[in-house]
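Taking it in order: structure first as structure tokens, then the write-up.
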Amino acid sequence: MAEHIPVITLDGPGGVGKGTISALVARELDWHYLDSGALYRLTALAAQQKGIDFANIDAVADIAEHLQVEFQPAGGILLDGQEVEALIRTEQAGANASKVAAVPEVREALFKRQKAFLQPPGLVADGRDMGTSIFPDADLKVFLTASADERAKRRYKQLIEKGNNVNIESLRKEIQERDERDMNRSVSPLKPAEDAHLIDTSELSIGEVFQEVMRLYRITNKDSH
Ligand code: DC
């Protein structure tokens, strides 16, 4: 029988803290980490760099299929050998990712690549459809939520701390537009899996959310033995 490799999926809307929590859980368990949003961000960036219009579905799907990406263990992401982490983390890059992610052919092209992250001793997978489409048999599925207001406030604080000049109203609007697109696309829309544990993070600190995910994992792990 094939070895069972455990998976924890963490899904939810943009700005909910999935990335931070997933990285903490992966470090705690010493597991691999899949940042699936980065693959959509990279696809959009690669298309832009090659001057390809997002409406050119076949060309964008081809880019997704052949992305040359290296996630550096110590941080940083190489696209065709070039460091692009800062370029893909902007609000605009997130909005572009959400656009290419609505194309079924792009999702199909990234399917196998995401599956390939499943390696021993385990995987923490962060995204929108990890529990519903990519790892439907995950050992633990978590869906994080927070109101668009709360997420806009958090993002505003982060950006201001980094010295950026931003307007909270336009941030809130961008977040709402991205939610709309991610929830209403035809393939793998953003929604909790039926068996996902919902955590509303609005009133919780990062440490509290992390502890709750670990508590859920310990319960799941005990039940399965
Ligand atoms: O998690 P993120 O902000 O890096 O994701 C950027 C966009 O990519 C998001 O708005 C929608 C898309 N995405 C997706 O469709 N499916 C995923 N599993 C992850 C991200």
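Among DSSP bridges having both ends in the chain, what percentage is antiparallel? Round to the nearest 5. Show your work: numbers first, answer last.
Values: 5 of 22 bridges.
Among the beta bridges of the chain, antiparallel pairing accounts for roughly 25 percent.
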Query raised in the report: How big is the charge dipole of the chain about its Cα centre, in debye rounded to the nearest 20, if each Lys and Arg gets +1 on its Cβ and each Asp and Glu gets -1 on its Cβ?
Result: 340 debye
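Counting Lys +1, Arg +1, Asp -1, Glu -1, what net charge surrounds A59 among other residues with beta carbon under 15 Å of its beta carbon?
Values: positive: K50, K99; negative: D53, D58, D62, E65, E105, E108.
Overall, the nearby charge balance is -4.
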Requested in this report: Report relative contact order for the chain in percent, whole number only (criteria: Cα-Cα under 8 Å, sequence separation at least 6).
Outcome: 32 percent
Report summary line: Expressed in µm² per second, the diffusion coefficient of region 69-199 from the Stokes-Einstein equation, with Rh the Kirkwood radius over alpha carbon pairs, at 37 °C and 0.692 mPa s, is 197 µm²/s
**Report entry** Label point distance in nm, A23-D223, each placed 7 Å from Cα along Cα→Cβ
**Finding:** 3.0 nm
Query raised in the report: For region 1-87, what's the radius of gyration and Dmax over Cα atoms, in angstrom?
Result: 15.2, 47
Query raised in the report: Roughly how many Å is it from the Cα centre of region 104-162 to that of region 31-45, as a whole number?
Result: 9 Å
Report task. Just check the chain against the gyration tensor rule for me: Cα atoms, a ≥ b ≥ c as the square roots of the eigenvalues, rounded for a/c under 1.5, and otherwise prolate or oblate depending on whether a/b exceeds b/c. Result -> oblate
Query raised in the report: Where a ≥ b ≥ c are the square roots of the eigenvalues of the C-alpha gyration tensor, would you call region 183-225 rounded, which needs a/c under 1.5, or, failing that, prolate if a/b is larger than b/c, or oblate?
Result: oblate
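For a test of understanding, tell me how many lysine pairs in the chain have Cα atoms under 15 Å apart, given they are 8 or more places apart or on different chains. Walk me through the numbers before you get to the answer.
Details: K18/K141; K18/K191; K141/K191; K153/K162; K153/K173.
Taking the Cα cut-off of 15 Å, the pair count is 5.
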Query - Value of Rg/Rh across region 7-50 [Cα atoms, Kirkwood radius] - result: 1.07
Requested in this report: May I ask you to evaluate 6.51 cos²θ - 1.76 cosθ + 1.60, the Karplus curve with θ = phi - 60°, for each residue of region 60-72 and list the ³J(HN,Hα) values in order in whole Hz, giving x for glycine and proline?
Outcome: 5, 5, 5, 5, 4, 5, 10, 3, 9, 10, 10, 7, 6
Query raised in the report: What is the set of long-range amide H partners of T90 at a cut-off below 5 Å, with H atoms built 1.01 Å from backbone N?
Result: none
Query raised in the report: Label points 7 Å out from Cα along the Cβ direction at E161 and Q68: separation in nm?
Result: 3.6 nm
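Once you charge only the Cβ atoms, +1 for Lys and Arg and -1 for Asp and Glu, what is the size of the charge dipole of region 57-129 about its Cα centre, to the nearest 20 debye? Intermediate values should be presented prior to the final figure.
Numbers: 7 positive and 12 negative charges, 54 e Å.
Rounded to the nearest 20 debye, it is 260 debye.
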Report task. Calculate for the chain the 222 nm mean residue ellipticity that helices alone would give, adding -39,500 (n - 2.57) per DSSP H run of length 4 or more and normalising by residue count, nearest 500 deg cm²/dmol. Result -> -15500 deg cm²/dmol
**Report entry** For region 130-225, convex hull of alpha carbons as volume per residue, Å³
**Finding:** 116 Å³
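Place the peptides 170-181, 72-83, 35-46 in order of packing, highest mean first, counting for every residue the other Cβ atoms within 10 Å and averaging per peptide.
Numbers: 170-181: 16.7, 72-83: 11.5, 35-46: 23.7.
In decreasing order of mean packing, 170-181, 72-83, 35-46 become 35-46, 170-181, 72-83.
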Query raised in the report: How high is the relative contact order of region 138-225, given as a whole-number percent (alpha carbon pairs under 8 Å, six or more residues apart)?
Result: 44 percent
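Every number in this text was worked out from the coordinates using simple rules, so none of it is lab data. These numbers come from a predicted model, not from an experiment. Positions of Cβ are backbone-derived with ideal geometry, glycine not excepted, and every protein chain shown enters the neighbour counts.
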